[in-house]
Amino acid sequence: MAVAAVVPVPLQAELNVPIAVRVVSFLQPPPSGTMPAAIVFSPGNPASIADAAAIERAIGGGSIAGKAVLRPRRVPATALESLAGYRVAFVAAGTRADQDAIAAAASRASVVTITSDEACVQAARCVVGIASGARVQITVNRAAARAANARFGSAFLMLVKEI
């Protein structure tokens, strides 16, 4: 007798998507027009797939980030060469095993990575981390930002924790 594993589908993404979209508006130079946004996930991890779907639902047909409209597209961690042409990538939960490859591909393509995984930011594999709890904490890793050729407005940098 076979038993199927049930993976709960999150109603809400682990990543605080409204805050993540707002972070994009502080990039320099400011994005404008239609802007593709990657959602990087691990295709073999059901939790990662579910989180990617939740991020995609939260962004919907397009979220406004300043003068830009983000259009989400899922990018599996097995196809990171397709990050070329993106300026930002939301890194879904469950990608820890792929973070080195994600960081390398994002650096090559100058893509700003935004995640809820603080360890990814601490290890300089992701540029921005957003921790939600009693209050939202945004962390920017300077080394990861330099590697991705990312610059943020000074008003934004005064509001976040830089490491």
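The values are calculated or read from the model by the stated rules, or taken from the named source; none is laboratory data. Worth saying up front: this structure is predicted, and the values here are computed from it rather than measured. Please note: Cβ atoms are built from the backbone with ideal geometry, for glycine as well, and neighbour counts cover all protein chains shown. Heavy atoms of the whole protein, side chains included, go into the accessibility calculation; ligands, DNA and RNA do not. Shrake-Rupley method; radii C 1.70, N 1.55, O 1.52, S 1.80 Å.
A few remarks follow.
- Residue 81 vs. criteria in contact with a strand residue (DSSP E or B) (Cβ under 7 Å, 6 or more places away or on another chain), of a type outside the set (A, V, I, L, M) and surrounded by fewer than 23 Cβ atoms within 10 Å (Cβ to Cβ): no
- Single residue of segment 43-66 satisfying the filter (open to solvent by 10 Å² or more (accessible area, probe 1.4 Å) and of a type in the set (S, T, N, Q)) that is nearest to residue 98 (Cα to Cα): 45
- Considering residues of segment 114-163 that are in a strand (DSSP E or B) and open to solvent by 10 Å² or more (accessible area, probe 1.4 Å) only, the residue nearest to residue 83 (Cα to Cα): 151
- Cross-chain or 6+ apart pairs with Cβ under 6 Å, segment 152-163 first and free of Cβ contacts under 8 Å to residues at least 24 places away in the same chain, then surrounded by 10 or more Cβ atoms within 10 Å (Cβ to Cβ) and not hydrophobic (A, V, I, L, M, F, W, C): 162/142
- Of everything listed in (1) within 16 Å of residue 40 (Cα to Cα); (2) surrounded by 14 or more Cβ atoms within 10 Å (Cβ to Cβ), the single unmet condition for residue 97 is (2).
- Out of 42, 132, 48, one residue alone is under 15 Å from the mean Cα position of the chain (by Cα) and at pLDDT below 95. It is 132.
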